[in-house]
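**Q** One structure is given below, represented as structure tokens, and several questions about it will come after.
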Amino acid sequence: VWMSQGGRFSSDHIARGFDWASRLGNQTPENHGAVVVDVGGGHGAVSISVAKVTSKQTRFVVQDLPETVAAGARLLGPELHDRIEFMPHDFFAEQPVRGADVYLLRYVLHNWSDKYARQILGALVPALKDGATILCCEFLPGDVSTTAWSDKQT
């Protein structure tokens, strides 16, 4: 929850800072709209923000640990129940949602060494369709571990 609160952690940055309209294409009720898979999406804060700025035909699948997605489903407002689905998923396992338009990873990869980041991204490959987007939103830690306290000391 903390990672989706205001300031630089606000999920609104992704909603406003990415060209969702051009990436999700021409959506009509006949083609059932686009699909965004929010990999490691917690309680769905990013999907909720993006849902507010995209077509009502866009659907979202929020994936995370079973307890996390269960909590997200309980917290989701009724106005988005038909657009946002919560799915338990281990992002090291093969991606079960095939053919989505966007696979979003926000604040996921920085927690893992290169070996495991490659495994997470590799698990997406079998699910990708031509033209799919993998959107990674990360902050990059420095080369040396520091804390706010140690930064003040230098």
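**Q** Quick one: would you say Thr133 is farther than 22 Å from Asp19 by Cβ and either at pLDDT below 95 or open to solvent by less than 40 Å² (accessible area, probe 1.4 Å) (or both)?
**A** When the stated conditions are applied, Thr133 does not pass them.
**Q** Restricting the search to the stretch 111-121, which residues are farther than 17 Å from Asp64 by Cα and part of a helix (DSSP H, G or I)?
**A** Asp114, Lys115, Arg118
**Q** Within the stretch 20-42, is even one residue over 20 Å from Ala132 (Cα atoms) and under 16 Å from the mean Cα position of the chain (by Cα)?
**A** Within the stretch 20-42, one or more residues are over 20 Å from Ala132 (Cα atoms) and under 16 Å from the mean Cα position of the chain (by Cα).
**Q** Taking the stretch 59-100 only, how many residues are of a type outside the set (A, V, I, L, M, F, W, C) and touching a helix residue (DSSP H, G or I) at 6+ places or on another chain (Cβ under 6 Å)?
**A** Of the residues in the stretch 59-100, 5 are of a type outside the set (A, V, I, L, M, F, W, C) and touching a helix residue (DSSP H, G or I) at 6+ places or on another chain (Cβ under 6 Å).
**Q** Can you list the helices (runs of 4 or more DSSP H) found entirely within the stretch 16-89 that contain at least 2 residues being open to solvent by 40 Å² or more (accessible area, probe 1.4 Å)?
**A** 20-24, 66-75
**Q** Next question. Mind listing just one residue for me: the one in the stretch 90-110 that is over 26 Å from Ala21 (Cα atoms) and part of a loop (DSSP other than H, G, I, E, B) and, of those, most open to solvent (accessible area, probe 1.4 Å)?
**A** Filtering the stretch 90-110 for residues that are over 26 Å from Ala21 (Cα atoms) and part of a loop (DSSP other than H, G, I, E, B), the one most open to solvent (accessible area, probe 1.4 Å) comes out as Glu94.
**Q** Any idea which of Tyr116, Tyr107, Tyr103 is closer than 22 Å to Ala51 by Cα, modelled with pLDDT of 95 or more and of a type outside the set (A, V, I, L, M)?
**A** On inspection, the qualifying residue turns out to be Tyr103.
The values are calculated or read from the model by the stated rules, or taken from the named source; none is laboratory data. Being a predicted model, the structure only gives us computed values, none of them experimental. Backbone-built Cβ (ideal geometry, glycine too); neighbour counts: all protein chains shown. The area values use the complete protein model at the heavy-atom level, side chains included, leaving out ligands, DNA and RNA. Shrake-Rupley method; radii C 1.70, N 1.55, O 1.52, S 1.80 Å.
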